[in-house]
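First comes the structure, then the notes that go with it.
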Amino acid sequence: MAYAVLHVDDLGGYIGPARCYKLDPPVRLDDADHEYVTVWVQPGLPHQQAEVGVVAATSTGACATWSMLRQPGSFVLHGDPDTDDYLDGCYTMALGLLGYELGDAPTT
C-alpha cells in the first residue's frame, strides 16, 4: 500500500487552504518521480464550482514543476467545504484518488 503523511500544514500562496504531503513511495507525475504533493481546496467562484487541486511539490510545498496544471487526484466539488470534517475529507479523497492512504506506513 502507498502512504501519504502530512508534511506541512496551512501553506500560504495557494487560492485556498493547502497542505503538503510526503509520499511513500514517490508518485510518478509528468514523467518524473515526486516525493511530495501539495493539495489545496479552492472555494467556489462566480461561475466556477469549488475544486480540489493536486500538484507535484518540493519539500516546502511549492510547486515542483513549471506549471500549476492540476494533476491526478484533483476533482470538482459541488459546494464549498463548510466544516473542518468536509475540508479534511477533501484532502483524504484527493490522496485516495492519487492512490495513497493517509497515515504512516505500518512498521514490520
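Do you know which of the residues in the stretch 1-15 that are in a loop (DSSP other than H, G, I, E, B) and either touching a Lys or Arg at 6+ places or on another chain (Cβ under 9 Å) or without any contact (Cβ under 8 Å) to a residue 40 or more places away in the chain (or both) is most open to solvent (accessible area, probe 1.4 Å)? Here the residue is Ile15.
Any residue that is open to solvent by 30 Å² or more (accessible area, probe 1.4 Å) and in a strand (DSSP E or B) - is there at least one of those in the stretch 90-97? So far as the stretch 90-97 goes, no, none of its residues is open to solvent by 30 Å² or more (accessible area, probe 1.4 Å) and in a strand (DSSP E or B).
Across the stretch 17-47, the qualifying residues are those that are out of contact with any strand residue (DSSP E or B) (no Cβ under 6 Å at 6 or more places or on another chain) and among the charged types (D, E, K, R), and the one among them that is least open to solvent (accessible area, probe 1.4 Å) is Asp30.
Mind checking whether some residue in the stretch 73-94 is farther than 16 Å from Leu6 by Cβ and of a type in the set (Val, Ile, Thr)? Scanning the stretch 73-94, I find at least one residue that is farther than 16 Å from Leu6 by Cβ and of a type in the set (Val, Ile, Thr), so the answer is yes.
The values are calculated or read from the model by the stated rules, or taken from the named source; none is laboratory data. Because the structure is predicted, anything quoted here is derived from the model rather than measured. Methodologically, a virtual Cβ is constructed for each residue, glycine included, from the backbone with ideal geometry; neighbour enumeration extends over all protein chains shown. What goes into the accessible areas is simple: the full protein's heavy atoms, side chains included, and nothing from ligands, DNA or RNA. Shrake-Rupley method; radii C 1.70, N 1.55, O 1.52, S 1.80 Å.
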